[in-house]
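The values are calculated or read from the model by the stated rules, or taken from the named source; none is laboratory data. Everything quoted here is computed from the prediction, not taken from an experiment. As a convention, Cβ positions derive from the backbone with ideal geometry for all residues, glycine included, and neighbour counts pool all protein chains shown.
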Amino acid sequence: MPYSLPKLPYAYDALEPFIDARTMEIHHSKHHQTYVDKLNAVLEKHPDLVDEPLEQLLANLEQLNIPAADKTAIRNHGGGHTNHTLFWQIMGPSKSVDVELVAGIEKEWQSIDAFKKTFTDMATGLFGSGWVWLAKDETNKYHLHALPNQDSPLLHGHTPLIGLDVWEHAYYLKYQNKRADYIAAWWKVLKFLP
């Protein structure tokens, strides 16, 4: 199979008390694994696409000469795989502030707090399941996206930098329907920002 579940860079309980170990285990080993399995299943039908980087498949999805149902499967499951792979990497038990990213955010939003408020408002207000993203375009201009399902900024030609999973499977065991509490806790485990 071309894709496999990436190993987490920390233990399932490393983000406690902000994100609980059981949620991390289920989210990683069950939800993310399902995206990988279903992505591999659709790519088995199109062996010519296996060597294409997944980011390019998503960025050029509409140009692929494959059935619409298979495009949808790549969008959903390929997006789920790339989204979660980045999600695990940007979180951690300790901060590793990205000075360049901080400077860019402060230039665009005047302060980290102003950025966090805008991002949080988008995440709180996103109807249903999806992701909120900070991404950049080919000119390095920052963009915020509130996207449904497993859609990625790659579908818009943008490179994802920070993504927050607001599907209920990311927080329901600990926070139930309190998405705002989950978002507030998530900022504590996002490595790149103070």
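Can you find a residue that is modelled with pLDDT of 95 or more, in contact with a helix residue (DSSP H, G or I) (Cβ under 7 Å, 6 or more places away or on another chain) and farther than 23 Å from His32 by Cα anywhere in the stretch 159-170? No, the stretch 159-170 contains no residue that is modelled with pLDDT of 95 or more, in contact with a helix residue (DSSP H, G or I) (Cβ under 7 Å, 6 or more places away or on another chain) and farther than 23 Å from His32 by Cα.
Can you name the condition, by its number, that Ile74 falls short on among (1) over 18 Å from Lys38 (Cα atoms); (2) in the same structural domain as Val42 (by TED's automatic domain parsing)? With respect to (1) over 18 Å from Lys38 (Cα atoms); (2) in the same structural domain as Val42 (by TED's automatic domain parsing), Ile74 is out only on (1). For the stretch 148-185, the tally of residues that are outside any helix (DSSP H, G or I) and either surrounded by fewer than 19 Cβ atoms within 10 Å (Cβ to Cβ) or among the basic types (Lys, Arg) (or both) stands at 8.
Determine whether the stretch 124-142 contains at least one residue that is crowded, with 17+ Cβ neighbours inside 10 Å, modelled with pLDDT of 95 or more and part of a loop (DSSP other than H, G, I, E, B). Within the stretch 124-142 (the criterion being crowded, with 17+ Cβ neighbours inside 10 Å, modelled with pLDDT of 95 or more and part of a loop (DSSP other than H, G, I, E, B)), the answer is yes, since at least one residue qualifies. Here Leu61 meets each of (1) under 25 Å from Trp186 (Cβ atoms); (2) in contact with a Leu (Cβ under 8 Å, 6 or more places away or on another chain) with one exception, condition (1).
Reported count of residues in the stretch 98-114, each being part of a helix (DSSP H, G or I), among the acidic types (Asp, Glu) and surrounded by 13 or more Cβ atoms within 10 Å (Cβ to Cβ), is 2.
Just one of Lys117, Lys95 is on the phi < 0 side of the Ramachandran plot, surrounded by fewer than 17 Cβ atoms within 10 Å (Cβ to Cβ) and either free of Cβ contacts under 8 Å to residues at least 12 places away in the same chain or touching an Asp or Glu at 6+ places or on another chain (Cβ under 7 Å) (or both); which is it?
Working: Lys95 fails: either free of Cβ contacts under 8 Å to residues at least 12 places away in the same chain or touching an Asp or Glu at 6+ places or on another chain (Cβ under 7 Å) (or both).
Lys117 is the lone residue from the list that is on the phi < 0 side of the Ramachandran plot, surrounded by fewer than 17 Cβ atoms within 10 Å (Cβ to Cβ) and either free of Cβ contacts under 8 Å to residues at least 12 places away in the same chain or touching an Asp or Glu at 6+ places or on another chain (Cβ under 7 Å) (or both).
Applying the set (1) touching a strand residue (DSSP E or B) at 6+ places or on another chain (Cβ under 8 Å); (2) over 20 Å from Asp13 (Cβ atoms) to Val99 leaves exactly one unmet item: (1). Within the stretch 1-59, the set of residues being in contact with a Ser or Thr (Cβ under 9 Å, 6 or more places away or on another chain) and without any contact (Cβ under 8 Å) to a residue 24 or more places away in the chain comprises Tyr12 only. I want to confirm something. Restricting to the stretch 73-131 and keeping residues that are within 14 Å of the chain's Cα centre (by Cα) and β-branched (Val, Ile, Thr), which single residue is farthest from Lys141 (Cα to Cα)? Filtering the stretch 73-131 for residues that are within 14 Å of the chain's Cα centre (by Cα) and β-branched (Val, Ile, Thr), the one farthest from Lys141 (Cα to Cα) comes out as Thr85.
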